[in-house]
Amino acid sequence: MFSYGGFVQLGVKRFNAWARTDHRRSALSFFTMGSSCSNHLGIPPGNGPNAVGCTDFMMDHTAEGTFFRLYYPCQEMESAGKPDWVPYKEYFNGLADFMKMNRALSERIFNYLFGSFKIPAYLDAPFKSNEKCPVIIFSHGLGAFRTLYSAICAEMASQGFIVASVEHRDQSASATYYFCEKPESERSNASLTKSSGATQQNLVKEWMYYRALQHGESEFPLRNKQVKQRADECILALDKLTEINSGISVQNVLETHFDWSTLKNSMDLCRIAVMGHSFGGATVIEALCKEVKFKCGVALDSWMTPLDDEIFPRVKQPIFFINSEKFQWAGNISRMKKLDSAVIQRKMITIRGTVHQSFPDFTFLTGNWIGKLMKLKGEIDPELAIDLCNKATLAFLQRHLGLEKNFNQWDPLINGEDENLIPGTNVNLLQSAI
């Protein structure tokens, strides 16, 4: 999410310093909203015909297991409630570490700004669909985690997709967790006091935080190792969904209330795409190279640095690059251009007035003043930007997954045919760079 995120770090540090004084704290409410006439802040719900449910899945409690949030069409249930956007305070701590900020102060600021927001989906609501659902595996950016792209994932689910938003364990997430087994003595004591929850009562949560580059360390070896693991984690998530779809009984370490057996024969496993933002965009390319079950990929403002050049000619599936106007540079775009093909569709558009953070949910949750200070907002209305992104994505997925939907009404967006889109890129490229 925050690849090359120095601007975000600088903006948050400025806000951090500004917020320390008492008379300025009283102004926080005004500035976070932007102004008294700002629109209501919140993550936009899906626009499709389906209500959206979500649940978390962790199979194998160790760091080598799979962990993702699942978004899916569901029965609408107001009583189900909606989950917190940031599930635990440790994620705020991870964001503070990633931005090299003080944890205690940053946790208070982040909790004030973002602690009350909810995911636009019903938690553990029963699955409901009249047809088999195509599948998307989603990969988050550097310093992000599984819940931060809920506007995109909820929109895809509202349009009939099942979406698994993976939380990566390669130390590129700001924070994630897994479980370790308790010592035998503690397990014995726990079993004396609890008669239920036999799985989790013998486990203890272990947090894994973002791994920063060491002084003098070269970035490519670390990021290249991480992108390979990330692609493997996307493939593992798909493998687990395949098992669930076949009716194999699975044990969810998290012991949610969702009935996984209802997903038997629910997925169209001939129609699978992989999607991601920033580092997740690079993960899309790596995953396409490794797994032919992914029929196409959508890379949002992709950060191409982690990838080996040698994989580019091995990627055989269609790819759609959707870029922001302010993040990209010639060297990065030139690497995307290495994937150009005369026989396989490779498309690129740029959304005018957008920044790198126009894709995660943060852009919807701050007013103009804070949003622009922290580089979370561009000049374009964030809901318009994400709507263009989602519609262009749906049109591309219909074209390359062979869907029988009406998403082809947005086909012109694939070619950048809109006043808020640029066909290709706004970055000037020297022929030598390409």
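Key figures
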{"item": "Qualifying residue in the range 110-131 (condition: modelled with pLDDT of 95 or more, polar (S, T, N, Q) and in a strand (DSSP E or B))", "result": "no"}
{"item": "The lone exception for residue 146 - which of (1) buried (at least 22 other Cβ atoms within 10 Å of the Cβ); (2) in contact with a helix residue (DSSP H, G or I) (Cβ under 8 Å, 6 or more places away or on another chain); (3) modelled with pLDDT of 95 or more; (4) farther than 22 Å from residue 401 by Cβ it fails", "result": "(2)"}
{"item": "Subset of the range 337-354 that is over 16 Å from residue 393 (Cα atoms) and among the hydroxyl-bearing types (Ser, Thr, Tyr) - its residue that is surrounded by the most Cβ atoms within 10 Å (Cβ to Cβ)", "result": "354"}
{"item": "Positions within the range 369-378 being open to solvent by 10 Å² or more (accessible area, probe 1.4 Å) and in contact (Cβ under 8 Å) with a residue 60 or more places away in the chain, in sequence order", "result": "369, 373, 375"}
{"item": "Residue match in the range 307-319 (condition: of a type outside the set (D, E, K, R), touching a Ser or Thr at 6+ places or on another chain (Cβ under 8 Å) and modelled with pLDDT of 95 or more)", "result": "no"}
{"item": "Among (1) among the charged types (D, E, K, R); (2) closer than 23 Å to residue 248 by Cβ; (3) surrounded by fewer than 19 Cβ atoms within 10 Å (Cβ to Cβ) - the single one residue 56 does not satisfy", "result": "(3)"}
{"item": "Any hit, the range 406-426, residues being in a loop (DSSP other than H, G, I, E, B), open to solvent by 20 Å² or more (accessible area, probe 1.4 Å) and either at pLDDT below 95 or among the β-branched types (Val, Ile, Thr) (or both)", "result": "yes"}
{"item": "Matching residues in the range 39-76 - criterion: being free of Cβ contacts under 8 Å to residues at least 12 places away in the same chain and not polar (S, T, N, Q)", "result": "40"}
{"item": "The range 379-390 residues that are in a loop (DSSP other than H, G, I, E, B), paired with ones that are of a type in the set (D, E, K, R) and open to solvent by 10 Å² or more (accessible area, probe 1.4 Å) (beta carbon under 7 Å, 6 or more apart)", "result": "380/352"}
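The values are calculated or read from the model by the stated rules, or taken from the named source; none is laboratory data. Everything numeric here is computed off the predicted structure, so don't read it as measured data. Glycine gets a Cβ as well: all are built from the backbone with ideal geometry, and neighbour counts include every protein chain shown. The accessibility values were calculated without ligands, DNA or RNA, using every heavy atom of the protein model including side chains. Shrake-Rupley method; radii C 1.70, N 1.55, O 1.52, S 1.80 Å.
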